[in-house]
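The values are calculated or read from the model by the stated rules, or taken from the named source; none is laboratory data. Just so we're clear, the structure is a prediction, and the values are computed from it rather than from any experiment. Positions of Cβ are backbone-derived with ideal geometry, glycine not excepted, and every protein chain shown enters the neighbour counts. Please note that ligands, DNA and RNA were not included when accessible areas were found on the heavy atoms of the full protein model with its side chains. Shrake-Rupley method; radii C 1.70, N 1.55, O 1.52, S 1.80 Å.
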Amino acid sequence: MSVLNTTIKPFKAQAFKQGKFIEVTEADIQGKWAIFFFYPADFTFVCPTELGDLADHYGELQRLGVEVFSVSTDTHFSHKGWHDASETIGKIEYAMIGDPTGTITRNFEVMREGEGLADRGTFIVDPDGVIQAMEITAEGIGRNAADLLRKVKAAQYVRSHPGEVCPAKWEEGEKTLAPSLHLVGKI
């Protein structure tokens, strides 16, 4: 079953953010755009490249009103240790949620049961808590934060412009489409 177009489920977890341990719940994103960025484990190989890439785009996401939460089944203590040990992870300013019970990972349906690890899953959540976009990739396939940023902009555009949709490869400022009977067969 797809979680697309569903409201995120309640959760409470500990996270590491900017040198502190914090508690994060679903209430923290009410009224805001959010990205939940699941990855298999700390101290691995593809994961730090993805998290570092996301950190490089965090400032622009913040300017768009988007909060970022990376999530793995490691603890928030492990996240702090990785943050302190890795130059790439050390630049992260967004919340790194520890999900050792797997509750959040299961809520988003990206748990690898039997392994206790999350799949590489990315979810864009709107201010109503509804999942508007999702991407899940296999273990060895890293994600691209620039394309994620493009998708966030498209989701925000569609939300603020009812009756319009963003075509393939749409970039901010480009033409959109207004689906109608007259448009059928003309694209």
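Sorting Val165, Val3 by solvent-accessible area of protein heavy atoms yields Val165, Val3, largest first, with a 1.4 Å probe. Take the Cα of His161, go 7 Å toward its beta carbon, and the backbone nitrogen atoms of region 1-34 under 20 Å from that spot belong to 33. For region 65-134, with all protein chains present and a 1.4 Å probe, just round the carbon and sulfur fraction of the accessible area to a whole percent. That fraction is 48 percent. Among the lysines of region 36-187, pairs at least eight places apart or on separate chains and with Cα atoms under 24 Å apart come to 9. Loop-located trypsin sites (Lys or Arg not before Pro) in region 21-94 (DSSP state not H, G, I, E or B) with no more than 15 neighbouring Cβ atoms inside 10 Å: Lys32, Lys91.
Averaged per residue, the chain has 52 square angstrom of accessible surface, using a 1.4 angstrom probe with ligands and nucleic acids left out. Residues in region 68-83 carry Karplus couplings, in order, of 10, 10, 7, 9, 9, 7, 6, 8, 5, 5, 4, 4, 5, x, 5, 4 Hz; the curve used is 6.51 cos²θ - 1.76 cosθ + 1.60 with θ = phi - 60°, and Gly or Pro positions show x.
Taking packing as the residue-averaged number of other Cβ atoms within 10 angstrom, the listed peptides 51-61, 153-163 run from highest to lowest as 51-61, 153-163.
Karplus-derived 3J(HN,Hα) values for region 172-185, using 6.51 cos²θ - 1.76 cosθ + 1.60 with θ = phi - 60°, are 3, x, 7, 5, 10, 10, 10, x, 7, 4, 6, 8, 4, x Hz; glycine and proline are entered as x. Partners of Lys9 within straight-line reach, counting aspartates and glutamates whose Cα lies under 13 Å from its Cα and excluding those fewer than 8 residues away in the same chain: Glu26, Asp28, Glu109, Asp128.
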